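Structure first, commentary second.
The values are calculated or read from the model by the stated rules, or taken from the named source; none is laboratory data. Keep in mind that what you see is a predicted model, and the values were worked out from it rather than measured. Cβ placement follows ideal geometry from the backbone for every residue including glycine, while neighbour counts extend to all protein chains displayed. Calculation scope for accessible area: heavy atoms of the full protein, side chains included, ligands and nucleic acids excluded. Shrake-Rupley method; radii C 1.70, N 1.55, O 1.52, S 1.80 Å.
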Amino acid sequence: MRIIDTHSHIYQEDFDNDIDEVIGRAKMAGVEKILMPNIDVESLSQMHALADKYPGYCIPMMGLHPTSVGENWEEELNTIKQQFEARTYIAVGEIGLDLYWDKTYMKEQETVFEEQLRWSIEYDLPVVIHSRDAIPECIACVKNIGADKLRGVFHSFGGSEEELSSILALGNFLIGINGVVTFKNSTLSTVLKNTDLSKIIIETDAPYLAPVPYRGKRNEPSYTSKVVAKLSEIYEVPEDRVGEITTTNAEKLFRL
């Protein structure tokens, strides 16, 4: 089975003691590549180190995460922008808005998000959007900059049928599905029936959001197989077919 984990933070300290084993299990599960979104300036060295250790397998993105937007956001954003001159990245991410944890810097989050959307146009790269409790607001920002000029994914999608329709109406955006789809209290199984596999890519968001039966434990790329199994159940197609379609979607979006 072919799988691409399109969103994984396996460069974080949670994996310091067994990263080689984690990579080995991912390969055994059929994971062909692991795409790594950046968080902020502090995460740069760890992410780059892992990308250099596993070139072509652990592939970096570059962006400033909304929960890292604070008082010194201008300085952080400038440092992040400089990275594009030094290395090659496959996407601008992880960027977006987060209204779940703290709304103190809401206006600054919007400013930072829209600036990074402009970068995606400048560098002709897809965007990886974090939209926790903020899907309508993220869509508004995308429209402000120009939906016709942008492409990407709304990562860790867990929205409503209406929000799904609004995302797909943008034209060039997919949704990232992870372990949440396996949770008993998730409505995703119903919502996803309003689209098809051509609009889906698979992710973990490791070390977070581990699927059943690992819920509450550290997530890792090999667990994408559980997401594939659930999507196979939802769409009533073989697991290999789910893997093939979602992998092809990821290859096209990120030009892998």
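The table below lists the values:
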{"item": "Tally, over the range 11-38, of residues that are in contact with a helix residue (DSSP H, G or I) (Cβ under 6 Å, 6 or more places away or on another chain) and open to solvent by less than 50 Å² (accessible area, probe 1.4 Å)", "result": "9"}
{"item": "Sole exception among (1) free of Cβ contacts under 8 Å to residues at least 40 places away in the same chain; (2) under 20 Å from Asn249 (Cβ atoms) for Gln82, by number", "result": "(2)"}
{"item": "Filter result for Pro60 (free of Cβ contacts under 8 Å to residues at least 40 places away in the same chain, closer than 30 Å to Glu239 by Cβ and touching a strand residue (DSSP E or B) at 6+ places or on another chain (Cβ under 6 Å))", "result": "yes"}
{"item": "Complete set of residues in the range 96-128 that are buried (at least 16 other Cβ atoms within 10 Å of the Cβ), in a loop (DSSP other than H, G, I, E, B) and not aliphatic (A, V, I, L, M)", "result": "Tyr105, Pro126"}
{"item": "Every pair of residues 6+ apart whose Cβ atoms lie under 7 Å, when the first sits in the range 217-238 and is of a type in the set (Phe, Trp, Tyr) while the second is assigned to a loop (DSSP other than H, G, I, E, B)", "result": "Tyr223/Thr204; Tyr223/Ala210; Tyr223/Pro211; Tyr223/Tyr214"}
{"item": "Selection within the range 44-75 - of a type outside the set (A, V, I, L, M, F, W, C), open to solvent by less than 30 Å² (accessible area, probe 1.4 Å) and closer than 24 Å to Asp124 by Cβ", "result": "His48, Tyr57, Pro60, Gly63, His65, Pro66"}
{"item": "Selection count where residues are among the β-branched types (Val, Ile, Thr) and closer than 17 Å to Ser166 by Cα, scope the range 188-221", "result": "4"}
{"item": "Hits in the range 129-143 - residues which are open to solvent by less than 10 Å² (accessible area, probe 1.4 Å) and either out of contact with any Leu (no Cβ under 7 Å at 6 or more places or on another chain) or of a type in the set (Val, Ile, Thr) (or both)", "result": "Ile129, Val142"}
